[in-house]
Amino acid sequence: MPLFAGFDDTHYFSVILHCTRATGGDVIISLGAFWTASLFARSRYWFLADRFLPLGIFLIAGLLITVVFELLATGPFQRWTYEQSMPVLPFTNVGLSPIAQWIALPLLQMWFVRRQVLGGHL
């Protein structure tokens with residue numbers, strides 16, 4: 001939260017509600033990216049194969065959706081703004097934090113899901 005502006009004087013419950021909604025949005029982005037990769041791979045079990053193309057599609061789809069939502073949220077929808085401390089991607093003004101989050105968390109998701117489907121064995 002320190003990278004996003006406007007939450008210093010906001011009631012604690014409102015911040016929790018905002019973060020919960022953002023988490024729900026992240027889940028929807030993840031599901032959209034997963035099903036996009038599934039369509040390209042023609043299987044919803046693409047994460048079990050040692051193929052990089054579906055994983056790349058998963059990451060790129062999620063990144064594109066994230067960039068579009070960040071542009072809309074910080075632009076016409078005015079849902080949030082960045083603090084001066086938020087590094088932004090050149091030419092887009094999209095915060096680096098949401099981009100880094102989309103790269104790190106989905107890789108962790110795929111590792112965890114693959115591990116669970118394989119019964120805890122990798």
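Nothing in this text is a laboratory measurement; each read-out follows from the coordinates by a stated rule. These numbers come from a predicted model, not from an experiment. Reconstructed Cβ throughout: ideal geometry from the backbone, glycine too, with neighbour counts over all protein chains shown.
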In degrees between 0 and 90, to the nearest 10, how far off the longest principal axis of the chain does helix 52-74 point, with axes built from Cα atoms?
-> 20
Scalar couplings 3J(HN,Hα) for segment 100-106 by Karplus 6.51 cos²θ - 1.76 cosθ + 1.60 (θ = phi - 60°), nearest whole Hz, x for Gly and Pro, are 4, 4, 5, 7, 6, 5, x
With point charges of +1 on the Cβ of Lys and Arg and -1 on the Cβ of Asp and Glu, referenced to the Cα centre of segment 4-117, which listed residue (THR10, PRO106, LEU89) lies farthest in the positive direction of the dipole?
-> PRO106
Amide proton proximity set for ALA5, modelled H, under 5 Å, gap of 5+ | THR81, TYR82, GLU83
Hull shadow area, averaged, segment 4-117 [alpha-carbon convex hull, nm²] = 8.3
Short version: ³J(HN,Hα) in whole Hz for each residue of segment 45-50, in order, from phi by Karplus 6.51 cos²θ - 1.76 cosθ + 1.60 (θ = phi - 60°), x for Gly and Pro, what are they?
-> 9, 4, 6, 7, 7, 8
What is the Cα centroid distance between segment 21-47 and segment 83-115, reported in whole angstrom?
-> 16
